[in-house]
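Here is the structure we will look at, set down as structure tokens.
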Amino acid sequence: MIYKVTAIAPTGPAPAHVIEAPNGTVYVTNSGDGTVSVYDGPGLSQTGRITVGGMPHGLRPAGNGSVIVVANTDAGALDVIDSATNAVVGRVNVGSGPAQVAVGTDGRYAYAGINKPSAVVKVDLVARKLVGS
């Protein structure tokens, strides 16, 4: 089967992960410059770039997609982006090297694996604080 590429959109350096939020917006972590690129999903036109610093890697929408949670490996944190404004609204320090993030089905808690100590951490996204490991 032959596929045709219908759109190509530039990203920042070293794009790591891509998600589509429930509202159709596409987010790409750019680990090379500490940003997250934002695209209109249907047309794949870039609508913005969010600076989070560090090295953003894995990301997931939370709950209904009102926030996007980004594992920031170099910062040792989970960054929280408001998907309505595409602004960083919080950062929760979790420990060394989170690379991926999972979000519970109700959108209340995020989970990430860290390196030192080797553990899984739990973050309350409403309170924006670490609540367990």
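The label point for GLN100 and the one for SER118, both projected 7 Å from the Cα toward the Cβ, are 1.6 nm apart. From the backbone phi of segment 23-30, what are the Karplus-calculated ³J(HN,Hα) couplings (6.51 cos²θ - 1.76 cosθ + 1.60, θ = phi - 60°) in whole Hz, Gly and Pro given as x? Each residue of segment 23-30 in turn: 7, x, 6, 9, 10, 10, 7, 10 Hz. Rg/Rh for segment 1-72 stands at 0.99; both radii use Cα atoms, and Rh follows the Kirkwood definition. How high is the FRET efficiency from GLN46 to ALA84, r the C-beta distance, R0 25 Å, rounded to 0.05? Result of the calculation: an efficiency of 0.90.
Each of GLY12, VAL103, THR35 was scored by the projection of its Cα onto the charge dipole of the chain, and the greatest displacement toward the positive side belongs to VAL103; charges sit on the C-beta of Lys, Arg, Asp and Glu.
Evaluated with a Cβ-only charge set (Lys, Arg +1; Asp, Glu -1), the chain carries a dipole of roughly 220 debye about its Cα centre, given to the nearest 20.
The Cα atoms of the chain cover 46, 32, 28 Å along the three principal axes, with the biggest extent listed first.
Any read-out appearing in this document is the output of simple, stated calculations on the displayed coordinates, not a laboratory observation. Note that the structure is predicted; figures quoted are calculated from it, not measured. No Cβ is skipped: glycine too gets one built from the backbone with ideal geometry, and neighbour counts run over all protein chains shown.
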